[in-house]
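Below is one structure, written out as structure tokens; the observations come after it.
The values are calculated or read from the model by the stated rules, or taken from the named source; none is laboratory data. Everything numeric in this text was worked out from a predicted model, so none of it was measured. Don't worry about glycine lacking a Cβ; one is built from the backbone with ideal geometry, like all the others, and counts go over all protein chains shown.
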Ligand SMILES: [Zn+2]
Ligand SMILES: [Zn+2]
């Protein structure tokens, strides 16, 4: 089978021909029909994630069919947990000390086939095509875990309007919340895209929104957004960071945090998040915007993501 693999950080992926992967106990062999390209894949390729062993096949937004049964499943970032550590036993397997992650510490979906632990595969709502469903597996899922942290907040800011934001904005709108979208300066196309996804207001990340925010979610990997988001959030509000990696946070006056503002990160996902999010995606018709690329063009998809040339999500189609 063909796989686009990372052999060394900051190098182009290589198209390798590999033996068919063989499922071990509890695992299934999945024929990949679509695999989303996530910003985490860029951090991986750029050598910004610790513990990265190469060569590795990236990709953790996998939709495919189980060989033999033909059942359609999704394979997310969380690929395996120990079930025994304090976090696993406390219902926070996303923090498992020994967790394994698809397309990082496990082989991922930039390939024709992949094996996965069946217990970590997710159902895919029927209303989505394979291509549309792929971004649900991380952009949607991690976006949803961030979104849940804002609790009852009505006015929500979203910083960085990519694949995750375009899904979260639609969920927020469906739940009668007001979304304020923040993009790079003068990214008028991105701001228009945000409005088309239900944002009430869209502007530059340096702008003060027309009303104070109850909460903000930061999806862009830019530490400088934290003081900006704190400044836009009212007393008692939260700022949630959804990315796995972020540039350093500049120092800022304590006054921005004072007033019981909360700053927190969201890490990974649990299977319960996956099930809850897929049930929501089955109920709320999400319009998922994608751009398809042949598997061999994985590098081009990554570069388009890096350059901000995408609206919505890039999806590789083997
Ligand atoms: Zn564990
Ligand atoms: Zn991801």
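Observations on the structure shown:
- Look at segment 137-163: where a residue is touching a residue at least 40 places away in the same chain (Cβ under 8 Å) and farther than 22 Å from residue 206 by Cα and a partner is outside any helix (DSSP H, G or I) and within 16 Å of ligand 1 (Cβ to nearest atom), sitting 6+ places away or on another chain with Cβ atoms under 7 Å, you get 138/77; 141/269; 142/269; 145/269.
- The residues listed here are 137, 122; of these, the one that is more than 16 Å from ligand 1 (Cβ to nearest atom) and touching a helix residue (DSSP H, G or I) at 6+ places or on another chain (Cβ under 8 Å) is 122.
Rundown of residues vs (1) under 30 Å from residue 263 (Cβ atoms); (2) surrounded by fewer than 20 Cβ atoms within 10 Å (Cβ to Cβ); (3) modelled with pLDDT under 95; (4) in contact with a strand residue (DSSP E or B) (Cβ under 8 Å, 6 or more places away or on another chain), yes/no style:
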{"site": "108", "(1), (2), (3), (4)": "no, no, no, yes"}
{"site": "112", "(1), (2), (3), (4)": "no, yes, no, yes"}
{"site": "124", "(1), (2), (3), (4)": "no, no, no, yes"}
{"site": "132", "(1), (2), (3), (4)": "no, no, no, yes"}
{"site": "137", "(1), (2), (3), (4)": "yes, no, no, yes"}
{"site": "142", "(1), (2), (3), (4)": "yes, no, no, no"}
{"site": "147", "(1), (2), (3), (4)": "yes, no, no, yes"}
{"site": "155", "(1), (2), (3), (4)": "yes, no, no, yes"}
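- Matching option when the condition is at pLDDT 95 or above, over 23 Å from residue 132 (Cα atoms) and buried (at least 21 other Cβ atoms within 10 Å of the Cβ), among 45, 30: 45
- Segment 191-212 - residue that is crowded, with 24+ Cβ neighbours inside 10 Å and not in a loop (DSSP other than H, G, I, E, B) and, of those, farthest from the chain's Cα centre (by Cα): 202
- Of the helices (runs of 4 or more DSSP H) that lie entirely inside segment 38-153, those containing 3 or more residues that are away from ligand 2 (no atom under 16 Å from the Cβ) span 86-89, 130-133.
- Identity of the residue in segment 244-256, in contact with a helix residue (DSSP H, G or I) (Cβ under 6 Å, 6 or more places away or on another chain) and in a loop (DSSP other than H, G, I, E, B), that ends up nearest to ligand 1 (Cβ to nearest atom): 244
This table checks each residue for (1) under 14 Å from the mean Cα position of the chain (by Cα); (2) within 16 Å of residue 183 (Cα to Cα); (3) in a strand (DSSP E or B).
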{"position": "221", "(1), (2), (3)": "yes, yes, no"}
{"position": "227", "(1), (2), (3)": "no, yes, no"}
{"position": "260", "(1), (2), (3)": "no, no, no"}
{"position": "263", "(1), (2), (3)": "no, no, yes"}
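- Selected residue [surrounded by 21 or more Cβ atoms within 10 Å (Cβ to Cβ), free of Cβ contacts under 8 Å to residues at least 60 places away in the same chain and either in contact with a helix residue (DSSP H, G or I) (Cβ under 6 Å, 6 or more places away or on another chain) or not assigned by TED's automatic domain parsing to the domain that holds residue 65 (or both)] from 266, 239, 315, 233: 239
- Taken as a whole, the structure places residue 226 among residues that are free of Cβ contacts under 8 Å to residues at least 60 places away in the same chain and within 13 Å of residue 263 (Cβ to Cβ).
- Yes/no for residue 254 being over 14 Å from residue 139 (Cβ atoms) and surrounded by 15 or more Cβ atoms within 10 Å (Cβ to Cβ): no
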